[in-house]
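Let me begin by presenting the structure, written as structure tokens, before commenting on it.
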Amino acid sequence: MCATWHMHTHVVATYSPWINGLVEGTNKLLLHILQRLCSPDLNDADLDAATWDTLPNQWPDRLDEAIHALNTRILPALKFKPKELLFSLPINTNPTPLADASEPVDAIATMLHLAYAAQQNLDGSNAAIAHAVQRQSAFDRRVQRTKPGEIIFIPGSLVQVHRSDLETTLSTARKLLPRWSQPRRVTERIWNSYKLTTINGVPMNGTFHARRLRPYHLNSSSQLALDEGRRAANENAWIDTV
């Protein structure tokens, strides 16, 4: 099925802001629906101040109803309901008569249904891409207005990785350990993420989002600066021979 619809697993970098936003946004919607179902008499101010700790104890009895509400709402980014896309439920078609629904399905009806479902998935994909392009354009404009703007690391450059895990711990290690790693070398760019290696060339697992990286500035009198100078000279000599 995945090969038929050209669906591929895409592993994103850790601490990716857009993934955190999706999870937090879904949790916020679920909390709001449960709060409304469990306490229908609350006003909007009380609903906005709701937390998981203040949720009434009967919320497990309403969980299935809340999930049904999430799956049957129209997503603005897709223009369809999640249930319609997941189960290939074509819209804007006449309901099947009950007498016909109990009869065996012929090949023509099956092909017609699959054609409707395929077109619906394409329409949803097109709407999602248009929505993503619009959000990306707005994000790019916001980045360009900041200082220093967009930063792109080229393969071979040295960077440092921010220890994001130290931002969410109360351990004493947060006060003692450095927030930025030892210098790493960029080997490949994948959209807004990068593959890195250590100075000795050992590959590091996973990818690292650009938000967690900063350029590493060499001290001209350090041994690393001398090694980098010799490395650059060797690369230039190899290019000249080629």
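The values are calculated or read from the model by the stated rules, or taken from the named source; none is laboratory data. No experiment lies behind these values; they were computed from the predicted model shown. Because the Cβ atoms are built from the backbone with ideal geometry, glycine has one as well, and the counts that use them run over all protein chains shown.
General observations
- Checked against the criteria, R179 does not count as without any contact (Cβ under 8 Å) to a residue 40 or more places away in the chain, more than 30 Å from C2 (Cα to Cα) and either surrounded by 14 or more Cβ atoms within 10 Å (Cβ to Cβ) or of a type outside the set (K, R) (or both).
- Answer from A49, A69 - the residue that is modelled with pLDDT of 85 or more and either in the same structural domain as H113 (by TED's automatic domain parsing) or not aliphatic (A, V, I, L, M) (or both): A69
- Test result for R211, under 22 Å from V11 (Cα atoms) and modelled with pLDDT of 90 or more: no
Yes/no per residue for (1) under 35 Å from the mean Cα position of the chain (by Cα); (2) more than 30 Å from G25 (Cα to Cα); (3) outside any helix (DSSP H, G or I):
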{"residue": "A69", "(1), (2), (3)": "yes, no, no"}
{"residue": "R73", "(1), (2), (3)": "yes, no, yes"}
{"residue": "E84", "(1), (2), (3)": "yes, no, no"}
{"residue": "I91", "(1), (2), (3)": "yes, no, yes"}
{"residue": "N94", "(1), (2), (3)": "no, yes, yes"}
{"residue": "D100", "(1), (2), (3)": "no, yes, no"}
{"residue": "E103", "(1), (2), (3)": "no, yes, yes"}
{"residue": "A109", "(1), (2), (3)": "no, yes, no"}
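- Which numbered condition A130 misses (of (1) modelled with pLDDT of 85 or more; (2) within 30 Å of R211 (Cα to Cα); (3) surrounded by 14 or more Cβ atoms within 10 Å (Cβ to Cβ)): (3)
- Candidates A132, A210 - the one that is among the small types (G, A, S), on the phi < 0 side of the Ramachandran plot and in the same structural domain as L75 (by TED's automatic domain parsing): A132
- Residues of region 216-234 that are at pLDDT 85 or above and surrounded by 12 or more Cβ atoms within 10 Å (Cβ to Cβ): Y216, L218.
- Wholly within region 140-233, strands (runs of 3 or more DSSP E) carrying at least 1 residues that are touching a Pro at 6+ places or on another chain (Cβ under 8 Å): 158-161, 184-190, 193-197
- Meets criteria (aliphatic (A, V, I, L, M) and within 30 Å of R230 (Cα to Cα)) for A210: yes
- Single condition N205 does not satisfy, out of (1) more than 24 Å from the chain's Cα centre (by Cα); (2) at pLDDT 90 or above; (3) exposed (fewer than 14 other Cβ atoms within 10 Å of the Cβ): (1)
- Verdict on W180 being at pLDDT 90 or above, in the same structural domain as Q223 (by TED's automatic domain parsing) and among the aromatic types (F, W, Y): yes
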